[in-house]
Amino acid sequence: MVSSAFCLCLAILANAAANILMKKASGVASANTVALYFNRFFISGLMLFGLNLLCYTRALKSFPLAVAYSILVGGSLAVVALVAHFGFHETITLKQLIGMVLIMVGIWCVI
């Protein structure tokens with residue numbers, strides 16, 4: 001049996017990857033809305049959002065909702081921010097970095 005903690009980690013990765021693929025899809029097919037919906041990045045992102053929901057729902061069997069959601073959102077934020085910085089060359093300001101650290105501290109307090 002797969003542990004709830006593993007499912008929550010997988011949900012974080014699937015959620016982050018789905019958001020990253022949506023960003024990629026928006027850049028590839030931004031001129032044509034119909035083309036966006038048939039874009040391979042968009043379709044892959046939708047599938048990963050589905051995986052996220054399945055894994056997150058499984059994790060909720062063992063975690064309180066407030067804890068699981070905080071971990072999901074905070075973990076996804078950290079992964080997306082790193083990929084956005086290194087993969088898309090987006091800047092992370094000091095203010096944003098402090099905000100992310102405060103979110104992580106808040107998650108630690110909720111756990």
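The values are calculated or read from the model by the stated rules, or taken from the named source; none is laboratory data. Remember, predicted model here, so these are calculated numbers, not experimental data. Using ideal geometry, Cβ is built from the backbone for each residue, glycine included, and neighbour counts are taken over all protein chains shown.
Here are the numbers for the structure shown:
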| read-out | value |
| --- | --- |
| Listing of helices (runs of 4 or more DSSP H) fully contained in the stretch 3-85 that carry 3 or more residues being in contact (Cβ under 8 Å) with a residue 24 or more places away in the chain | 4-28, 40-59 |
| Single condition Thr91 does not satisfy, out of (1) over 21 Å from Trp108 (Cα atoms); (2) surrounded by 14 or more Cβ atoms within 10 Å (Cβ to Cβ) | (2) |
| Set Ser4, Ser30: member being in contact with a Phe, Trp or Tyr (Cβ under 7 Å, 6 or more places away or on another chain), of a type in the set (S, T, N, Q) and at pLDDT below 95 | Ser4 |
| Test for Arg58: is it more than 13 Å from Ala14 (Cα to Cα), at pLDDT 95 or above and not aromatic (Phe, Trp, Tyr) | yes |
| Positions within the stretch 86-104 being among the hydrophobic types (A, V, I, L, M, F, W, C) and in a helix (DSSP H, G or I), in sequence order | Phe86, Leu94, Leu97, Ile98, Met100, Val101, Leu102, Ile103, Met104 |
| Residue ID - nearest to Leu46 (Cα to Cα), chosen from residues in the stretch 2-21 that are among the small types (Gly, Ala, Ser) and within 10 Å of the chain's Cα centre (by Cα) | Ala18 |
